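Novice: So that we are looking at the same thing, I have put the structure below in structure tokens.
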Amino acid sequence: MAKKASASDAELVLKLYELRREPELRKARDWWLWTFSPRNADDFLKVANSMGSQENNWLRQAASYWGNGGGVGAAGTRERRIVSAAGLQRREMFFVLAKVYPFLPELREKLGDPEVFLDVEKVVTGTKWGRERLKFILKRIESMREKKAKEAQA
């Protein structure tokens, strides 16, 4: 049985939450959620390889933030996580993973890094609820893309 969230788990989650308020990280998270919409690994890599651009900075900053959060939730054994993964399963983490999930194996291959987004993936897909929520978010992102495309054509 997985361990129950402790007071120290809650404290760490609150510290992660406090970091979210940092102004540049807020911009990076906002960009990931509402502007960044890669359709394939090459779209992701175009931004990832544009070193020094604002988008590249935001990509790395938000991905690192959630990667660190996921690392805390994925560390240890299933029974003895550093922090209860349930405390980290936040809507935003699902959106970040969902943006790359359809092409994640290709992205890992092209980067030569089998661990890209691995901790976030473990936290998100580590429960039945998380897997179902990811499916929902994937559909939501696709519908947002379709809406945006229709608005662009009008």
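Novice: Which whole-number percent gives the relative contact order of the range 26-68, counting Cα pairs below 8 Å spaced six or more residues apart?
Specialist: Computed over the range 26-68, the figure is 47 percent.
Novice: Which whole-Hz ³J(HN,Hα) couplings does the range 113-124 yield from phi under the Karplus relation 6.51 cos²θ - 1.76 cosθ + 1.60, θ = phi - 60°, glycine and proline marked x?
Specialist: Computed from phi, the couplings for the range 113-124 are 9, x, 9, 4, 6, 5, 5, 4, 4, 4, 5, 5 Hz.
Novice: Could you pull out the pairs from Lys27/Lys148; Lys27/Lys99; Lys99/Lys150; Lys46/Lys128; Lys128/Lys148 whose alpha carbons sit more than 24 Å apart here?
Specialist: Lys46/Lys128; Lys128/Lys148
Novice: For the range 84-154, rounded, prolate or oblate, judged on the Cα gyration tensor with a ≥ b ≥ c (square roots of eigenvalues), a/c < 1.5 rounded, else prolate if a/b > b/c?
Specialist: It is oblate, given that a/c is not under 1.5 and a/b is not larger than b/c.
Novice: Roll a 1.4 angstrom probe over the protein heavy atoms and tell me the percent of accessible area of the range 89-135 that is carbon or sulfur.
Specialist: Carbon with sulfur: 50 percent of the solvent-accessible area.
The values are calculated or read from the model by the stated rules, or taken from the named source; none is laboratory data. Predicted model only: the values in this text are computed from it and were never measured. In case anyone asks, the SASA skips ligands and DNA or RNA and just uses the protein heavy atoms, side chains included. Shrake-Rupley method; radii C 1.70, N 1.55, O 1.52, S 1.80 Å.
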